[in-house]
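The structure appears right after this line, and notes come after that.
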Amino acid sequence: MFPFWNDIAAGSLDALARIHKLAALQSGPPAAVAQTPSEVVYTENKLRLLRYRSENRVHPSPILLVPSIINRYYILDLKPGRSLAGFLVARGYDVWIVDWGVPGPEDRFVTLDEHIDGHLRECVGVVLDETGRNSLTLLGYCIGGVLASIFSALHSETVRNLVTLTTPIDFHDDGLLSLWARREHFPVDRLVEAYGNMPAWLLGASFKLLSPTSDLANTWTLWERLDDPARLDDFRALNRWVEDNVSVAGEAYRKFVVDCYQENLLVQNRMRINGRTVNLGDIRAPLLNVVAQRDHIAPCGSAAVLNELAGSRDATLLSLDGGHIGAIVGRDAVEDFWPRLDAWLAERSA
């Protein structure tokens with residue numbers, strides 16, 4: 001099944017040399033990531049707001065990238081040639097990104113409401129103040145897309161465009177995460193009471209259980225790419241991000257699981273943030289909703305429903321081949337999706 005096992009068993013000199021190379025990689029420095037030049041403009045607790053440097057800003061409307069709160073922000077700035085942020089900067093956009101940081105034990109009581117109507121709202125305010133604009137484009141990835149969608153419903157006057165990338169909206173879908181997180185299977189209250197924050201190691205283990213052979217497949221992929229420096233570098237950068245989970249503030253995690261996965265309140269327009277009901281019909285901005293056909297985190301049906309619920313008169317559903325990550329930052333995404341995103345934004349960012 002895995003040809004490299006035969007090479008190793010045979011004791012070939014080539015296999016031994018590759019083993020030494022693999023060992024050197026494992027013990028050496030991690031892959032370089034987040035290399036697009038940027039400046040920290042604003043900080044709050046663990047959060048940082050970064051603005052990417054540009055000498056060629058063509059489009060006046062700024063773009064704020066909103067990553068997931070359970071992974072590191074640099075999935076959108078992975079490495080040269082595979083950085084969505086870098087691509088948008090090169091195309092003349094004024095690009096900003098939220099780095100949510102890594103919560104500590106003292107952050108266990110930080111709520112989801114504070115993430116959306118506090119931290120994200122402050123970041124939007126800083127971007128608008130610094131640029132002199134009265135609205136911006138929000139681009140959210142995965143859970144970042146959920147936060148961006150909720151913010152756009154609550155504060156539609158500040159959102160010029162909304163872009164959601166592989167973003168779950170209907171959490172009672174046919175995926176494993178939806179099944180596992182149901183109230184009868186997942187005692188989230190007891191977990192938060194025991195750990196405080198949702199531990200990074202437990203989050204990472206949960207996602208690996210969605211694809212139990214992923215570690216073995218990654219080993220095979222790494223072995224095959226040892227003699228291809230460009231593809232090896234791509235793999236190492238992406239794998240660093242996959243393994244770089246962060247803990248989630250306990251109360252924020254509790255509300256997200258209960259309101260979304262267990263009660264499915266968002267899709268029913270019954271979720272409440274800071275005392276206000278979130279009605280997705282209040283999203284008025286032009287919407288680009290990007291779904292991936294082989295997404296096991298946010299299945300197509302779960303994500304696509306946003307186009308039916310949003311009040312946007314200009315709403316585009318873009319379905320891509322690929323999975324949750326590859327469709328957004330893979331090699332095919334660079335050649336196909338990114339130019340299509342640029343074309344959509346350029347028409348709506350004047």
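For the chain, modelled as a Gaussian network with Cα springs under 10 Å, which listed residue fluctuates most, Gly250, Gly326, Gly144?
Gly326
List the pair-distance distribution P(r) of the chain, using every Cα-Cα distance, as the percent of pairs falling in each 10 Å bin from 0 up to the bin containing the longest distance, rounded to whole percents.
5, 24, 34, 24, 10, 3, 0
Quick check for me: using +1 on Lys/Arg Cβ and -1 on Asp/Glu Cβ, what's the dipole size of the range 34-92 about its Cα centre, in debye to the nearest 20?
120 debye
Compute, for Arg183, the solvent-accessible surface of its heavy atoms (probe 1.4 Å) with the complete set of protein chains present, and express it in square angstrom to the nearest 10.
The accessible area of Arg183 comes to roughly 130 Å².
May I ask for the net charge around Ile97, where only other residues with Cβ less than 13 Å from the Cβ of Ile97 are counted and Lys, Arg are +1 while Asp, Glu are -1?
Summing Lys and Arg as +1 and Asp and Glu as -1 gives 0.
How large is the charge dipole for the chain, taken about the Cα centre, if only the Cβ atoms of Lys, Arg (+1) and Asp, Glu (-1) carry charge, to the nearest 20 debye?
200 debye
Looking at the chain, which longest stretch skips every one of the GluC sites (Glu not before Pro) that is in a DSSP loop with at most 12 other Cβ atoms within 10 Å, leaving the sites themselves out?
With a cap of 12 other Cβ atoms within 10 Å, the longest stretch comes to 185-350.
Can you list residues whose amide H is under 5 Å from Ser247's amide H, if they're 5+ apart or on another chain and H is modeled 1.01 Å from N?
Under 5 Å from the amide H of Ser247: Ala200.
Along each of the three principal axes of the Cα atoms of the range 194-296, give the extent in whole Å, ordering the values from largest to smallest.
The Cα atoms of the range 194-296 stretch 56, 42, 19 Å along the principal axes, largest first.
How much of the DSSP beta bridge set in the range 246-350 is antiparallel, as a percent to the nearest 5?
Roughly 25 percent of the beta bridges in the range 246-350 run antiparallel, per DSSP.
What does DSSP give for the chain in terms of the percent of beta bridges that are antiparallel, rounded to the nearest 5?
Approximately 35 percent, going by the DSSP bridge assignments.
With Cβ to Cβ distances under 10 Å as the rule, what net charge do the other residues near Leu136 carry (K, R +1; D, E -1)?
+1
The values are calculated or read from the model by the stated rules, or taken from the named source; none is laboratory data. Keep in mind that this is a model prediction, so the values were computed, not measured. Neighbour counts are summed over all protein chains in view; Cβ atoms, including those assigned to glycine, are modelled from backbone coordinates with ideal geometry. These area figures cover heavy atoms from the full protein model, side chains too; ligands, DNA and RNA do not enter into them. Shrake-Rupley method; radii C 1.70, N 1.55, O 1.52, S 1.80 Å.
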